[in-house]
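Engineer: Submitted below is the structure of interest, expressed as structure tokens.
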Amino acid sequence: MTKHISFELSARDGKARAGVIKTPRGDIRTPAFMPVGTAGTVKAMLPESVAATGADILLGNTYHLMLRPSAERIDRLGGLHKFMNWDKPILTDSGGFQVMSLAGLRKLSEKGVTFKSHIDGSKHEITPERSMEIQRLLGSDIVMCFDECPALPASDAEVAKSMQMSMRWARRSRDAFGDRPGHALFGIMQGGVTQELRAESAEALREIGFDGYAVGGLAVGEGQEAMFGVLDYAPDMLPEDKPRYLMGVGKPDDIVGAVARGIDMMDCVLPSRSGRTGQAFTRAGVVNIKNARHADDPRPLDAHCGCPACRNYSRAYLHHVFRSQEMISGMLLTWHNLQYYQDLMAGMRGAIAAGEFDAWAKDFHDQRAAGDIEPL
Ligand SMILES: [Zn+2]
């Protein structure tokens, strides 16, 4: 088994890429979708169920884990993998984005950010150095640089100033991370929707040198067209031979569009969160299981899906347990949604390897355009 993290590209089709990230904890097949295990759990799923969907890696949130139960406690208990019973790779975010979106009374300076916990109001600080320490204590396999993502809308001058500080923080993150064989550090490109700023950010990151590169600052409300506008050029600015990670994306059609533009990794809470609110992602688009049309429907949610929700239960049952607010509702729909996302990634990997990505993508869009099966 490998002692280092490496990335091998095995196929290309247009800008889409297929490959594998090799880690001491196992291979990550790319394009990869990472389910989000915010507080040491992918909500409503056992870790072995997450693995059964085909997930090779999941994402943990530094912000949540540092506040509760704390990185030090997780370290004392043997690290995050042991703590949550997941032995495959884990990527942790740096905490920066969630401090901006969740914490109270934030104070940002060149040194880092101080804030009050949204849980109990206690005061905390994250700096690039502290973020690297927390992610080391968690035992994360892929560590993210600490960065700042400005709230939109922001002027070009504000985005530039924020991006330049993030690049200084990227250098400090690299220095603090040090040399840790078997663990990877990813830099994060910023620069909003401005091509010149994206280029400046990419140049700064390449000069520092990372094991992988994320495209940050997207999926923050700019809309799909603006996001694809940036993805039309941003991945090309990053090193060809390293994985490229689009943070916080997204809906199935966002994911397909991102892979078409050269992205290798993604994460999003959408499949798990939607599963708890009665929304299912299927080959025919989004199905709202709460709709009355499903109440008498004995057919599976998605006849082409092999997950337990589709194999063993009817739409009528899924509708009933959702309406009755039974826990199994969130469990089954989350499993289905995560299975759908992993099937989507496997479909793209196969299509890229076969040189048929465009035809695959057309079929993906056609099936969605055709919509759900007719009501009975
Ligand atoms: Zn299913």
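Engineer: When Rg is the radius of gyration of the Cα atoms in region 47-90 and Rh is its Kirkwood radius, what does Rg/Rh come to? Walk me through the intermediate numbers first.
Structural biologist: On the way: Rg = 11.1 Å, Rh = 11.1 Å.
Over the Cα atoms of region 47-90, Rg/Rh equals 1.00.
Engineer: So how tilted is helix 357-370 from the main axis of the chain? Cα-based, degrees 0 to 90, rounded to 10.
Structural biologist: 50
Engineer: One-quarter of the Cα convex hull surface for region 117-177, in nm²?
Structural biologist: Values: hull surface 21.4 nm².
Directional mean of the projected Cα hull area for region 117-177 stands at 5.4 nm².
Engineer: Moving to a separate point now. Of the chain, which part is the longest with no GluC sites (Glu not before Pro) in a loop (DSSP not H, G, I, E, B) and with at most 14 other C-beta atoms within 10 angstrom?
Structural biologist: Details: sites that count: Glu110, Glu240, Glu326, Glu356.
My reading of the result: 111-239 is the longest stretch.
Engineer: So what's the convex hull volume per residue for the Cα atoms of region 321-376, in Å³? Please report the intermediate quantities before stating the final value.
Structural biologist: Values: hull volume 5.0 nm³, N = 56.
With only Cα atoms used, region 321-376 gives 90 Å³ per residue.
Engineer: While we're looking at this one, here's another question. Whole percent per 5 Å bin, from 0 to the bin with the longest distance: what is P(r) over all C-alpha pairs of region 74-113?
Structural biologist: 6, 17, 19, 15, 14, 17, 10, 2
Engineer: For region 15-94, what D do you get in µm² per second when you plug the Kirkwood radius from alpha-carbon pairs into Stokes-Einstein at 4 °C and 1.567 mPa s?
Structural biologist: Answer, rounded: 98 µm²/s.
Engineer: If every alpha-carbon in region 62-170 counts as one equal scatterer, what log10 I(q)/I(0) does Debye give at q = 0.11, 0.19 1/Å?
Structural biologist: -0.36, -0.96
Engineer: What dipole magnitude, in Debye to the nearest 20, does the chain give about its Cα centre under +1 on Lys/Arg Cβ and -1 on Asp/Glu Cβ? Working shown, then result.
Structural biologist: Details: 44 positive and 47 negative charges, 228 e Å.
Charge dipole of the chain: 1100 debye, to the nearest 20.
Engineer: While we're on this one: Which value, in nm² and rounded to one decimal, describes the direction-averaged projected area of the C-alpha convex hull of region 198-291? Write out the running numbers ahead of the final one.
Structural biologist: Numbers: hull surface 27.5 nm².
With every direction weighted equally, the projected area is 6.9 nm².
Engineer: Follow-up question, since we're still on this one. If the viscosity is 0.692 mPa s and the temperature 37 °C, what translational diffusion coefficient in µm²/s does Stokes-Einstein give for region 22-67 when Rh comes from Kirkwood over Cα pairs? Mind showing how you got there, number by number?
Structural biologist: Details: Rh = 11.4 Å.
The estimated diffusion coefficient comes to 287 µm²/s.
Engineer: Here's another thing I want to ask about it. For region 147-196, what is the convex hull volume of the alpha-carbon atoms per residue, in Å³? Display every interim value, and only then the final one.
Structural biologist: Numbers: hull volume 4.0 nm³, N = 50.
Output value, Cα hull per residue: 80 Å³.
Engineer: Okay, next question. What are the equivalent ellipsoid semi-axes of the chain, built from the alpha-carbon gyration tensor (square roots of five times its eigenvalues), in whole angstrom, biggest first? Could you put the intermediate results ahead of the total?
Structural biologist: Values: eigenvalues 221, 117, 83 Å².
They are 33, 24, 20 Å, listed from largest to smallest.
Engineer: Return the ratio Rg/(2.2 N^0.38 Å) for region 146-248, where Rg is computed over Cα atoms only. Each step should come with its number before you reach the end.
Structural biologist: Numbers: Rg = 13.1 Å, N = 103, 2.2 N^0.38 = 12.8 Å.
For region 146-248, the normalised Cα radius of gyration comes out at 1.02.
Engineer: Over the alpha carbons of region 217-262, what is the largest minus smallest coordinate on each principal axis, giving the biggest first in Å?
Structural biologist: The Cα atoms of region 217-262 stretch 29, 17, 15 Å along the principal axes, largest first.
Engineer: Rounded to the nearest whole Å³, what is the per residue volume of the convex hull around the Cα atoms of region 222-342?
Structural biologist: Working: hull volume 13.4 nm³, N = 121.
In region 222-342, the Cα convex hull volume per residue is 111 Å³.
Engineer: Nearest 10 degrees is fine. How inclined is helix 195-208 to the longest principal axis of the chain, computing both from alpha carbons?
Structural biologist: 70
Engineer: Also: Rounded to two decimals, what ratio of Rg to Rh does region 83-137 give with C-alpha atoms and a Kirkwood Rh? Show your work: numbers first, answer last.
Structural biologist: On the way: Rg = 12.7 Å, Rh = 12.4 Å.
Rounded to two decimals, Rg/Rh equals 1.03.
Engineer: What angle do you read, to the nearest 10 degrees and between 0 and 90, between the alpha-carbon axis of helix 156-177 and the longest principal axis of the chain?
Structural biologist: 80
Coordinate-derived values only; no laboratory data. Predicted model only: the values in this text are computed from it and were never measured. Note that we place each Cβ from the backbone using ideal geometry, even for glycine, and neighbour counts take in every protein chain shown.
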